[in-house]
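No lab work stands behind these numbers, since they all come straight from the coordinates. Note that the coordinates shown come from a computational prediction; the quantities given were computed from them, not determined experimentally. Positions of Cβ are backbone-derived with ideal geometry, glycine not excepted, and every protein chain shown enters the neighbour counts.
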Amino acid sequence: MFSSESSKGGLLTKLVLFNEIILVAVLVVISAAISIGTSQFYSTSNILNILRDSSMAIIAGIGMTMLLITGEVDLSIGSLVAFVGVVTMDIINKTNSVFLGVLAGLGLGAVTGLVNGLVRTKFKVNSLIGTIAMMMILRGSVYLYKLEAVQNYHQLETFYSVGNGYLGFMPIPVIIMVVLYVVFLVILYRTVPGRRLYATGGNEIAAKISGIKVDNLKILTFVANSVFAAISGIILVSRMNSGQPNAGVGFELMVISGVILGGTSLGGGEGTLVGTLVGLLILRVINNGIIILRWNQDLQIVISGLIIILAVYIDNKRKVARSKIITT
Amino acid sequence: MAPAKDAVLDVRKISKAFPGVKALDAVDLSLRGGEVHALIGENGAGKSTLIKILAGVYFKDEGDILFNGSPVEISTPSDSLKLGIKVVFQELSLIPHMTVGENVFLESFPLKNNRTIDWDVLYEKTQDLLDTIGLDITPKTKVYKLTVSQQQMVEIARALSHEAKVIIMDEPTSALTPNEVDHLFNVIRKLKERGIGILYVTHKLEEVMALCDRVTVFRDGKLISSREVSETSTDNLVTDMVGRSIQTLFPRSHAGKGDVVLDVRSLSTEKKLREVSFQVRGGEVVGIFGLMGAGRTELAKAMFGLDAVQSGSISIEGQELRQGSTSQSTRMGLGYLTEDRKGEGLVLQMSVAQNITLPSLEDISSAGFIKRKEETTRSQEFVDAFSIKTPSLRQKVMYLSGGNQQKVLLARWLMKKLKVIILDEPTRGIDVGAKAEIHRLIDELASKGLAIVVMTSEMPELLGVSDHIIVMCDGRITGEFSRESAEMEKILEAAIGQKEYRYAEQ
């Protein structure tokens, strides 16, 4: 695992390098603060709520972490979530089959990821620009496809349980999240493709010289990222019980800022899933806190914006702290 | 040691530590005005750390710096510049799209009425400085059009414009031709006459003996010796640097040759290469020599599949390589140690073990899962065999010294079962001790049947290591020599493009 190292240097420098520990501490502190503000926070149902609500972001975060590690980014996942939701609901309505609906949604995700990947590797378009373009294309397309929300026609039990069901006391989305998380934790740290992701983001030319098929790997990671976003989209449409064309606005920013807060660098080559988990939980807990403390809900987006700036600032400080240590 | 009475820069008991390594341990150094003082030592000896402290890039942990006898604090690069210390790094710090004049007076523009830049004065003064140095270019030339040697001169002009009292030069001749080196030495002598103190950091002992007044040796972060050049010899210096007496160069022990392993035919690229053809046999070391711009690295990249090829072919053991596929190259047993090890070779954030095993992941994994134990065992073998100095296998490679990083790269390639390996400047920027080790390794590899291509701009290395020498100039092969028939003058003539030497294999 890529654990952080300590160094001599300013206090801030040391702090940003002890990444995961600091993050967990922050999470604990914020949770404690909210608990003091209201007894509602520290209850089983609220905690499960938080976990269930975070599951969509965390699932998307898994894909985004891997993508960022390779040095790329994807700003289209918010629009994709909306499009997937609308398409999935629509196909289920038309075919009365959850399976086909989910397949369509995941397929849409895969195709989007493939296009993103090809635009980056074959057309050599910077992924930030390329995926912003995709974001716009998808958002426009979903309205072209369906102007209004797609209501759940058949009310199928299976479909309902994806986002709202329980296995025992665990919400199903949380179970999906945990399974995906553990599987990809292993893949990222223990397998050859995982190692290659880090190499590609760390030094693309070195990776190529080592025989890694960098372009193929990136395309694959883009596809994986979009499929993860599609899974989130399917969970969301089940939760909302209808496909909303305006869903997911700002979702990509929230996921990316959580991932960066968690220690993944925008520059590539660094990042841990553990950090992502804690980073996203911090964001979700803050949002939850705003709701149950009955603060103005519009604060959510203001605070999210501030956190994005904070997250990138910390990321820069980390980079500088690391580069100060490099000897020639 | 007692500081010299007229020392302009006096460094006393400076220490600096980084995670896992003590880069400098209470070192002293004194520099007089008007002296050229050499600082030498193996990689990791602490030379660049000291320079960076003097340049304000790092901050010392302990010790004092005295400038003209009074203690000073250097915490930022601007502190250093204000004192009159100017460092000319290997990676020059000029702005390519600006003119010579703009670069020389960057941040110290002469002003009209304290407001607007007085361009006339700026270019006049620049011309004066250029005349002083003897650089024959117009001050309005954009820097990216200049050669490395000329750019270096611009850096020196910049130092003079700041009225530098101390100029520190870090490996100044690594990218220069012999003529340019002479020119640089003349300029340095002129700087001496102006009373400027020059700290000259280099690996090249011949230069120390030819140019410098005093020489200080660092080893493992400690001061080993500081003497007048007239009172020492290269052998003494090598002993000081390495801590033991070694032979700096050794002849190839063995010249058994097998079948042709690498066959390059009429290779041409769009930008540089023109019909390059040669063969390398198993167990043979082919040295490729050329000056800057000759096309050596272009050749290496084209052979490996990193760059596009217009025409011609490359075959390994008879099988032709598909262009543009580095993964095929590595699968077919071709390895490539890049010239730019930090930029292109190493993944700095990854550990020693991870860097070593990077091209060999399939060999140490099963069903896609990396076998940690095997990774550790195999990398440890190389760390031991090459004496790679690292606190642990998990140490991130960015913390290692240049020489050790190079060894990691070499280990990376040797871990794969290679048939051919291309080494591009394998010992550049590496100290004498590690150089010898790497030469020995090349020899050993050849005796195991590997076909080796070594690209180098160092004549002694070329002559010492090669069985067969190829000289390139401007993308073409202009000379071929066997080990026995090689002569320095002829090689240089071919390298400049003055003559062509073809040679038929016996």
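Details
- In range of the label at B:Ser366: residues from region B:396-420 whose backbone nitrogen is under 17 Å from the point 7 Å along Cα→Cβ: none
- Once C-alpha pairs closer than 8 Å and six or more residues apart are averaged by separation and normalised to the residue number of region A:99-213, the relative contact order reads 8 percent.
- Beta bridges per DSSP, both residues in the protein assembly as shown: antiparallel share near 60 percent.
- Charge dipole of the protein assembly as shown about the Cα centre (unit charges at C-beta), most positive-ward option of A:Pro173, A:Leu156, B:Gly56: A:Leu156
- DSSP bridge pairs, chain B: antiparallel proportion in percent, nearest 5: 55
- Too-long pairs where the Cα-Cα distance tops 32 Å, listed order kept, from B:Lys82/B:Lys140; B:Lys16/B:Lys142; B:Lys222/B:Lys417: B:Lys16/B:Lys142; B:Lys222/B:Lys417
- Each label point was placed 7 Å from the Cα along the Cα-to-Cβ direction; for B:Ser315 and B:Lys499 their separation is 3.4 nm.
- FRET efficiency estimate (nearest 0.05) - Cβ-Cβ, B:Lys13 to B:Asp79, R0 22 angstrom: 0.65
- Residue separation of B:Val121 and B:Ser482 scaled by 0.36 nm, minus their Cα-Cα distance, works out to 124.3 nm of gained length.
- With Rh defined as the Kirkwood radius, the inverse of the mean 1/r over Cα pairs, the Rg/Rh of region B:438-506 is 0.98.
- Sites B:Gln90 and B:Lys271 - FRET efficiency at Förster radius 22 Å, r taken between beta-carbons, to 0.05: 0.35
- Here the gap between B:Ser174 and B:Val260, fully extended at 0.36 nm per residue and compared with their Cα-Cα distance, gives a gain of 27.6 nm.
- Most to least packed among A:144-151, B:297-304, B:389-396, B:314-321 [average Cβ atoms within 10 Å]: B:297-304, B:389-396, B:314-321, A:144-151
- Relative contact order for region B:338-480, counting Cα pairs under 8 Å that sit 6 or more residues apart, in percent: 23
- Overall, region B:299-425 carries a charge dipole of about 460 debye about its Cα centre when +1 sits on the Cβ of Lys and Arg and -1 on the Cβ of Asp and Glu, all other atoms neutral.
- Put the Cα centre of region B:155-174 next to the Cα centre of region A:156-226 and the gap is 52 Å.
- Potential lengthening of the chain between A:Ile132 and A:Val302 amounts to 59.1 nm, from the contour at 0.36 nm per residue minus the alpha-carbon distance.
- Using C-alpha pairs below 8 Å separated by at least 6 residues, the relative contact order for chain A is 33 percent.
- Taking only the C-alpha atoms of chain B, the Rg (one decimal) and the largest Cα-Cα distance, Dmax (whole number), read 24.2, 76 Å.
- Inter-part distance, region B:74-120 to region A:239-270, computed on C-alpha centroids, equals 44 Å.
- Over every Cα atom in region B:73-164, the radius of gyration and the widest Cα-Cα span, Dmax, amount to 13.0, 38 Å.
- Placing dummy labels 7 Å off each Cα toward the beta-carbon, the span from B:Phe59 to A:Ala33 is 2.9 nm.
- If you plug the beta carbon distance of A:Thr95 and A:Tyr143 into 1/(1 + (r/R0)^6) with R0 = 25 Å, you get a FRET efficiency near 0.65.
- Two-site label geometry, B:Asp28 and B:Asp340: point separation in nm, points 7 Å out along Cα→Cβ: 4.3
- Reachable aspartates and glutamates, given that their alpha-carbon falls under 14 Å from the alpha-carbon of B:Lys490 and they are not under 8 places away in the same chain: B:Glu480, B:Glu500
- When shorter helices are ignored and each DSSP H run of at least 4 residues is given -39500 (n - 2.57), the per-residue value for chain B at 222 nm works out to -9500 deg cm²/dmol.
- Count, lysine Cα pairs under 22 Å in chain A, 8 or more residues apart or across chains: 14
- Assigned charges on the beta-carbon of Lys, Arg, Asp, Glu; region A:3-327 dipole about Cα centre (debye): 800
- Cα-Cα pairs of region A:3-327 separated by more than 29 Å (percent): 38
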